[in-house]
Amino acid sequence: MYRTLRALVVPLLLAAAGGALGQASLRTGTFDPPRAAPDFSLQGSDGAEFRLSRHRGKVVALGFGYTSCPDVCPTTLAELAQARKLLGAAGKDFQVVWVTVDPERDSAERMRHYVTAFDPSFIGATGAPAQLETVRKAYGIQVARKESSRDPATYYVHHSSFVYFIDRAGMLRAMMPFGGRTVDDIAHDVKQLLKN
């Protein structure tokens, strides 16, 4: 059902480092040509079913992480929230979606508290481990659980840390690596995608 995007990760990281692939208006690594974002259904942070395709008509930033993440996730979400503010009134058409890589701890309620602390419009998504694995495979997301040496009950989840940008038509247009772009760059690219 889902097409694995793993083979796209390396070319996109190269595009992010070396410039756009034929889409000079975007500052992040681009999909050239754009392709359909794999749809999925999970439990939304509002407790209802979340389906990616229901957000057609908006530009979606799709990221993967978890609520206990000590650094990468809160930094990325804070940057996306700042970019949304820079968009002003156009921000209503920019939707951030954060899919957990830690279903053991991340209930829908916990996801809601976490993502809305950055921006009330942000949506979290969780589900059964098998569901989430299918979504991760569709987007080439790698995860590895690592227990803390200090406390065996504590663990971290190392995970791919890029964010996908999906246009109004549901097409994958760009991918931003962690620390790869500024808040201004993010806002710039979302503005460009909102024009289409």
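Please treat every number below as a calculation from the coordinates, not as lab data. Quick caveat: nothing in here was measured; it's all calculated off a predicted structure. Using ideal geometry, Cβ is built from the backbone for each residue, glycine included, and neighbour counts are taken over all protein chains shown.
A compact table of results
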| quantity | calculated |
| --- | --- |
| Distance cut-off 28 Å, percentage of C-alpha pairs in the chain lying past it | 19 percent |
| Extreme residue, positive dipole direction of the range 105-155, given options GLN131, SER149, ALA117 (C-beta unit charges) | SER149 |
| Rg/Rh ratio calculated on Cα atoms of the range 106-196 (Kirkwood radius) | 1.01 |
| Total charge dipole magnitude, the range 119-196, about the Cα centre, Cβ charges on Lys, Arg, Asp, Glu only, Debye to nearest 20 | 180 debye |
| Where only alpha carbons of the range 15-127 are counted, the Rg and the Dmax (Å) | 14.7, 41 |
| Net charge dipole size for the range 82-168 [Lys, Arg +1 and Asp, Glu -1 on Cβ; Debye, nearest 20] | 160 debye |
| Of HIS188, VAL101, ALA48, farthest towards positive along the dipole that unit charges on Lys, Arg, Asp, Glu beta carbons give the chain | HIS188 |
| SER53 versus ALA128: modelled label distance in nm, points set 7 Å from Cα along the beta carbon direction | 2.1 nm |
| Set of aspartates and glutamates near LYS92 by C-alpha distance (under 19 Å), chain-local residues within fewer than 8 positions excluded | ASP46, GLU79, ASP119, ASP167, ASP184, ASP185, ASP189 |
| Percent antiparallel among DSSP beta bridges (both partners in the chain, rounded to 5) | 70 percent |
| Amide H partners (placed H, <5 Å) of VAL163, local residues excluded | MET176 |
| Sequence-distant residues sharing a close amide H with ALA169 (under 5 Å, placed H) | GLY57 |
| For the range 6-195: relative contact order, % (alpha-carbon pairs under 8 angstrom, 6 or more apart) | 32 percent |
| Dipole in debye (nearest 20) - the range 6-195, about Cα centre, beta carbon charges: Lys, Arg +1; Asp, Glu -1 | 440 debye |
| For the range 78-158, average projected area of the Cα convex hull in nm² | 6.5 nm² |
| Residue-averaged [θ]222 nm for the chain, counting only DSSP H segments that reach four residues, each worth -39500 (n - 2.57) | -10000 deg cm²/dmol |
